[in-house]
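See structure below.
The values are calculated or read from the model by the stated rules, or taken from the named source; none is laboratory data. Everything numeric here is computed off the predicted structure, so don't read it as measured data. Cβ coordinates were reconstructed from backbone atoms using ideal geometry, including for glycine residues, and neighbour counts include every protein chain displayed. Heads up: the accessible areas ignore ligands, DNA and RNA and are worked out on the full protein's heavy atoms, side chains in. Shrake-Rupley method; radii C 1.70, N 1.55, O 1.52, S 1.80 Å.
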Amino acid sequence: MKFLKFRLFLFIAFYSFSTLLSAANVMFSNDSIVAADTAKFIPPYAEDNERCFKCHGQSKYEYTNESLGRQVKAMMFSERILKRDEFYKSNHKNFSCTDCHSAEYVNFPHVGTLRMEPKLNCIDCHGGDENFAQYHFEEIEEDYKQSIHFKLEEEGFSCWKCHDPHSYKISVRNMTNTKETVAYDNAICLNCHSDFSRFQLLTEKAELNILEKHEWLPNQKSHFASVRCIECHTKINNNIPVAHQIRTKEEAVKRCNECHSQNSILMASLYKFSAREERRDGFVNGIILNESYVIGANRNKYLNIFSLIIFAGVVAGVGVHVFFRLKK
Amino acid sequence: MYLYPRWIRGWHMINALIFIVLIVTGISMQYTDKDSTFHMVGFAMAVRWHNFAAIVLTINYICFVAGNLYTKNGRHYKINRETFVSDLMTQTKFYAFGMFKGEKHPFPVTLKSKFNPLQKFTYVLAMYVAVPLLIISGIGLFFPEITIDRFVGISGLILTDVLHITMGFFLSIFMIIHIYTCTLGSTPTSLFTGMITGYHKSDDHH
């Protein structure tokens with residue numbers, strides 16, 4: 001017994017000492033604080049990429065032009081400015097700039113012909129790769145080729161028009177906050193469809209007013225904050241994570257029942273990845289209820305049964321009363 | 001006797017029509033389905049008509065409350081607390097048994113008291129509890145941005161909607177019973193005629 005107590009004492013003493021030591025270590029050493037912050041992401045090519053971000057990460061650039069023999073200082077073209085923070089939060093954060101761009105970019109000024117370098121599309125890296133097989137990039141490509149974007153602007157359109165590889169990140173598959181995901185995804189469409197200067201790069205069409213075009217939609221503000229444009233403007237494809245077949249405006253979903261019903265299309269699109277939680281407290285399509293409420297899609301089976309019982313009771317009561325009145 | 005002045009008949013007629021529109025469109029929205037033919041009105045049309053009818057109902061309700069405040073009609077809704085339970089029992093017994101035995105109406109209709117205790121109770125519940133809750137929750141659904149996001153961990157919109165459909169349901173049930181009890185006059189149609197002409201036959205049961 002005595003021996004057991006001694007061992008217990010030793011254990012407590014050792015545990016307290018080591019806890020104190022590590023606490024002191026964290027308190028007095030800056031390195032430990034950094035090491036303890038595991039959330040901080042250190043990109044593997046940060047140093048290499050910084051050579052590009054030095055100019056492309058801000059609105060002005062500066063370099064020594066050897067042929068002119070002097071320092072050149074100029075404004076960076078806005079399309080060529082990248083945001084470091086966004087890049088290092090994106091899906092491609094582990095990449096070196098030269099993984100996709102020519103290594104010749106290390107020279108200043110950049111050689112003019114580099115502008116002609118072919119740009120990689122999603123399928124060029126993700127196609128035929130077993131690691132990405134589950135996302136069916138080939139089928140995404142197929143879907144995209146059926147889309148109105150491709151059909152109308154085969155030349156001008158590419159994956160990058162919607163998914164900037166420098167900032168793209170998975171949204172709906174990692175959805176924790178529906179409203180944030182919706183805002184992120186809708187910003188992709190609005191980037192061109194509510195910015196005429198970009199829109200006219202790809203089409204001769206007149207400027208559109210999204211709000212006017214959707215005037216028929218009741219509670220427009222709520223709809224725009226709660227669902228993505230692609231809910232109504234794409235053809236659902238269950239084989240790929242997000243449908244890519246953008247349809248013509250005539251083919252867009254306009255029937256309210258498509259979403260406002262028990263078998264709402266939202267369960268196959270926006271809530272596809274969180275739809276496993278089928279029912280909650282008797283509510284149909286319960287997952288929607290975490291942050292939203294869709295009339296018609298979120299009916300409650302207990303309330304339905306309860307109301308039917310009351311209704312039947314009233315009808316029966318009236319029936320009995322009528323019976324006795326007639327009998328009298 | 002002249003029991004229902006013109007403004008009450010007008011209010012009642014509008015209320016009845018609006019109730020029918022709201023019930024039909026409300027059920028159509030709640031039980032809408034893309035494959036089923038159950039819904040009576042298409043969703044988009046149901047939304048439009050439900051919203052329109054709701055605005056009319058609200059204005060009509062304000063007129064009703066104002067009318068009751070500024071005319072003598074309000075006194076018909078005042079419940080006598082002391083005799084409330086026993087009066088209610090007496091009236092219920094009459095409807096359940098007495099009327100079949102040919103008993104006389106326990107609370108005959110007079111100019112001072114046009115409602116029997118059971119009517120008073122259900123009308124007060126319907127007009128001063130259910131309808132205000134229905135209108136308030138309806139406004140919450142009409143302007144979802146003003147509805148509180150969360151209440152004790154549950155979405156404010158769900159609570160608002162459940163309150164709205166529950167009140168809508170109870171008022172629909174009220175309407176069924178209300179219409180049925182209106183066949184309990186001296187003839188099955190006399191009370192309906194009374195609500196159109198304003199005159200109540202004094203020997204009516206209801």
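Need the full-extension length gain, B:Thr110 to B:Ala96, defined as separation in residues times 0.36 nm minus the C-alpha distance. One decimal, nm.
Net length gain for the segment: 2.8 nm.
So how much slack lies between A:His193 and A:Val314, counting 0.36 nm per residue of separation and subtracting their Cα-Cα distance, in nm?
38.1 nm
Taking the dipole about the Cα centre of chain B, with the C-beta of Lys and Arg at +1 and of Asp and Glu at -1, give me whichever of B:Gln91, B:Leu159, B:Trp11 is farthest to the positive side.
In chain B, that residue is B:Gln91.
Can you give the average number of partner chain beta-carbon atoms within 10 Å of each beta-carbon in peptide A:258-269, as a whole number?
Per-residue shielding by partner chains comes out at 3.
Treat each spin label as a single point 7 Å out from the Cα along the C-beta direction, and report the A:Asn174 to A:Asp48 distance in nm.
Between A:Asn174 and A:Asp48, the label points sit 2.3 nm apart.
Using the heavy atoms of the protein chains and a 1.4 angstrom probe, tell me the accessible area per residue for the range B:1-156 in square angstrom.
58 Å²
Compute the accessible area of each residue in the range B:112-156 twice, once for its chain alone and once with every protein chain present, using a 1.4 Å probe on heavy atoms, and list those whose area falls by at least 30 Å².
B:Pro144, B:Arg150
Which whole-number percentage describes the relative contact order of the range A:190-328, with Cα contacts under 8 Å and a sequence gap of 6 or more?
Once normalised by length, the contact order is 13 percent.
Buried accessible area for the A:B pair, summed, 1.4 Å probe, in Å² rounded to 100?
Looking at A and B, the buried total is near 3000 Å².
Students often get this wrong, so check it: of A:Lys151/B:Lys34; A:Lys60/A:Lys89; B:Lys93/B:Lys114; A:Lys89/A:Lys249; A:Lys60/A:Lys93; A:Lys73/A:Lys161, which have C-alpha atoms separated by over 26 Å?
Among A:Lys151/B:Lys34; A:Lys60/A:Lys89; B:Lys93/B:Lys114; A:Lys89/A:Lys249; A:Lys60/A:Lys93; A:Lys73/A:Lys161, the Cα-Cα distance tops 26 Å for A:Lys151/B:Lys34; A:Lys89/A:Lys249; A:Lys73/A:Lys161.
List the aspartates and glutamates whose alpha-carbon lies under 16 Å from that of A:Lys179, not counting same-chain residues fewer than 8 positions away?
Output for A:Lys179: A:Glu231, A:Glu291, B:Glu145, B:Asp149.
Tell me which DSSP H helices of chain B clear both cut-offs, 27 Å or more of axial length from alpha-carbon atoms and a mean Kyte-Doolittle hydropathy of at least -1.0.
TM-like helix candidates: B:6-30, B:43-70, B:156-181.
Considering amide H positions built from the backbone, and no H for Pro or chain starts, which residues 5 or more places from B:Lys34, or on another chain, come under 5 Å of its amide H?
A:Gln262, A:Asn263
For the range A:142-276, give the percent of accessible area contributed by carbon and sulfur heavy atoms, probe 1.4 Å, rounded to a whole number.
Roughly 52 percent, rounded to a whole number.
Only Cα pairs under 8 Å and at least 6 apart count here; give the relative contact order of chain B as a rounded whole percent.
With pairs under 8 Å counted, the relative contact order is 22 percent.
Return the distance in nm (one decimal) between the two label points of a simple spin-label model at A:Thr113 and B:Ala44, each offset 7 Å from Cα along Cα→Cβ.
5.7 nm
Using a Förster distance of 60 Å, how high is the FRET efficiency between A:Phe323 and A:Lys254, based on the Cβ-Cβ distance and rounded to 0.05?
Computed FRET efficiency for A:Phe323 and A:Lys254 comes out at 0.75.
Please list B:83-94, B:160-171, A:66-77 highest first by mean number of surrounding beta-carbon atoms within 10 Å per residue.
Ranked by mean Cβ neighbours within 10 Å, highest first: B:160-171, B:83-94, A:66-77.
Given +1 on the Cβ of Lys and Arg, -1 on the Cβ of Asp and Glu, and no further charges, what dipole in debye does the protein assembly as shown carry about its Cα centre, rounded to the nearest 20?
Value, rounded to 20: 3440 debye.
Report the extension gain between B:His178 and B:Lys78 in nm, rounded to one decimal, defined as 0.36 nm multiplied by the number of residues separating them, less their alpha carbon distance.
Length gained, B:His178 through B:Lys78: 34.1 nm.
Over the range A:122-254, calculate the relative contact order: mean separation of alpha carbon pairs under 8 Å at least 6 apart, over the residue count, as a percent.
Reported as a whole number, the value is 31 percent.
Put simply, what bits of the range B:159-174 lose 20 Å² or more of accessible area when the other protein chains are there, versus the chain on its own (1.4 Å probe)?
Residues meeting the cut-off: B:Asp161, B:Val162, B:Phe169, B:Phe170, B:Ile173.
Nearest 500 deg cm²/dmol is fine: what mean residue ellipticity at 222 nm does the protein assembly as shown get from its DSSP H runs of n ≥ 4 alone, each adding -39,500 (n - 2.57), divided by its residue count?
-15500 deg cm²/dmol
Ignoring ligands, DNA and RNA, what percent of the accessible area of the range B:6-197 is carbon or sulfur (1.4 Å)?
The nonpolar share, carbon plus sulfur, comes to 73 percent.
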